[in-house]
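Below is one structure, written out as structure tokens; comments come after it.
The values are calculated or read from the model by the stated rules, or taken from the named source; none is laboratory data. Since this is a predicted model, take the numbers as computed values, not measurements. Positions of Cβ are generated from backbone atoms using ideal geometry, with glycine treated the same way; all protein chains shown enter the neighbour counts. We work out accessible area using only protein heavy atoms, side chains counted, and drop any ligands, DNA or RNA first. Shrake-Rupley method; radii C 1.70, N 1.55, O 1.52, S 1.80 Å.
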Amino acid sequence: MSGIRVYDPVAEERSALAAPRGVVRIGRESDCELVLADDLEISRRHAEVRPGPEGRFELRDPRSRNGTFLNGERVAAPVQIFPGDEIRVGETTLRVEALGRTTSSARAAAPPPGHEGRCADSR
């Protein structure tokens, strides 16, 4: 996967791209790559999407006040994200979408069977 897009499906103009070397900060602060200023439940710098091992991406919560949730589970430690995942910050639900290659590398980046429980160890 050459990158991902994190976006708000309700207001698609609110989106950010994460390339293999880029970091996407999500929050109310104007210097964030994905600014969600109208959601008062979101911290100034609420969450981050960072490149992880093997061309994949990780979601991190740098101790936000109200927490970050991946597919309904609170994120307490960095966790891999996959296309189709939902990230909730404050009252906003974001979606993850793959960008770039759709060949075997995209299939390799697909979540393993039963990935929905991968946050269980970070509770």
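Key figures for this structure:
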read-out: Subset of the range 45-74 (residues that are open to solvent by 10 Å² or more (accessible area, probe 1.4 Å) and in contact with a Cys (Cβ under 8 Å, 6 or more places away or on another chain)); value: Arg45, Asn71, Glu73, Arg74
read-out: Residue in the range 1-55 that is modelled with the lowest pLDDT, counting only those that are acidic (Asp, Glu) and more than 21 Å from Asn66 (Cβ to Cβ); value: Glu12
read-out: Count of residues meeting criterion [surrounded by fewer than 20 Cβ atoms within 10 Å (Cβ to Cβ) and touching a strand residue (DSSP E or B) at 6+ places or on another chain (Cβ under 6 Å)] in the range 26-44; value: 3
read-out: Criterion: at pLDDT below 95 and assigned to a loop (DSSP other than H, G, I, E, B) - qualifying residue of Ala110, Ala106; value: Ala110
read-out: Unique residue being out of contact with any His (no Cβ under 6 Å at 6 or more places or on another chain) and within 17 Å of Glu86 (Cα to Cα) when the list is Arg44, Arg28, Arg50; value: Arg50
